[in-house]
Amino acid sequence: MEFRKLMFAGLALSMMVACSQDDELANGTNGTGTEGDAYMSLSIEMPNTGNTTRAIDESGEKHEGTAEEQKITNLLLLVYNANKGDELQYSHIYNAVDLRPQAPNPGDDKSTIYTITPFQIESGKKKVVVVVNPLDGKFTDKSTLDLMRNEMKLSQDEISKLSTGNHFMMTNANSLANQNQQGEEIADKQDGLSNGDYYQDGSVAVDVQGTKNNPTSVTVSVERVVAKMEDQTANYSIKVNGKEDVVHFEKVALINGNTKFFPIKKIREQGDRTNDYVVDPNFEKQTEETINDFYSNKFENAFNVQNGENIVAKDLSTENRASFYTLENTMIAAEQKNAYTTGLYYRATYELKGKDKGTNIYQYGNTLYDFAGLQEAAKQLGLNLNSLTDESSQAQFYAIGVTKYEKGRCYYTYWIRHIDNQNNTEMGPMEFAVVRNNYYQMEINSVKGIGDYKPIDPNPETPDEEVDSYLDVKVKVLPWIVRKNKIDF
């Protein structure tokens, strides 16, 4: 993945309302209690081109996002004093009307610049954090840098609010930590940083010495803190490979959504830094107990509204493109296992060739039958059905080695890939992962056979690299388009 210039989500011109009154100094929290001896202002550059990311798709295709994914309702600017223990020196919440559009720059990208009225601040070395559409109750104009760089656990309702229409939360797009603007790593995180370089904690360095007429400038990029997954299958009735059987996909749900995150993306400090190894708070800590750090991970009655264990399901008969948003979920290669990996969970009905949809299906060995076919085959196979009938329970059939699919209903799981190492015998770093500000487009490519006969909770001992049941999904990973923010101090 290349995360050197990540996005500042789009700013629709319709929401940028210019004010006619005279500009006044922005009111904010100045920790010194004085107006300060230097000036800074915030300007935002919205380029119309994006970057590529090293993931499954290498085509360079990008997606700017929907209007609801792009809109800025409010923006929290936090400035910390790097020379005084990272104490909060200035903060201010800007609304959409505070962002003033200017004419596009000349050139092919036709970038638009948005500015904010200059304000005074104490001079010196600062750390800058920008939070777009901050989550209520979690981020305020008193938020410390420790809050921004340490792990945070959220409820499922709070996670949902991070990706609410017109209110997608975004924070600093930390690239390789301690790098300068040329991408060169800087050994000492406190010294040698130029304006726009990243500190280890993901904040952006700036030395504020500007005057009212010549403010210091620095560029800050921000990105959405959630990943997007979308099923784009065109036809949900798919023939089984090599057969005339048909699988009718009916519902899909997000499974194993992470509940913890770092407000600013954290990059692993050790190892091969060229991999941009993204860290989440469960990093290198996966155990059976940490299954509780994920929501939607209990599949019994998964698609029952009353007993769904927090699983949000989408109806494929009514959803044109079933979309989900969730926190990023990454881990070291050895811990990429079914109980921890984010995926899509499908409910379907399997229809045998020549039989009505909704007919009970029975599997014995590798062969599928309706009940009449099972009775006939049992005579040849020496299978004793005793007094079992087509109305007998799944448990009764299972006891004699037969799997019953009630009305043909079955379940499929797909574990989302971020990077494919093209080696099914070796687990690659971040191969099975979802990363913030990435857009995962899934399409059911083929079906090799019938799925599970009932919802089965994922096994924390099963590696993701094992062959995915009987479902082949084509996945494409795109970056949401880059939005670069220029902050002038």
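Quick note: the coordinates plus some simple rules give every number you see, no bench work behind them. A quick note: this is a predicted structure, and the numbers were derived from the prediction, not measured. No Cβ is skipped: glycine too gets one built from the backbone with ideal geometry, and neighbour counts run over all protein chains shown.
Structure above, values below:
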item	result
Per-selection Kirkwood Rh - the range 228-479 (Cα, Å, 1 d.p.)	19.5 Å
Pairwise FRET efficiency - SER160 versus GLU87, Cβ, R0 = 30 Å, nearest 0.05	0.35
Extension reserve of the ASN74-THR462 stretch, reckoned as 0.36 nm per residue once the Cα distance is removed	135.3 nm
Cα-centre dipole for the range 228-479 with unit charges at Cβ (Lys and Arg positive, Asp and Glu negative), debye to 20	540 debye
Qualifying GluC sites (Glu not before Pro) for the range 377-481 [loop in DSSP, other Cβ within 10 Å: at most 13]	GLU391, GLU426, GLU461, GLU466
Under 5 Å, built H, 5+ apart or other chain: amide partners of GLU250	ARG347, ALA348, THR349
Gained length - ASN95 relative to GLU250, 0.36 nm times residue gap less alpha-carbon distance	51.6 nm
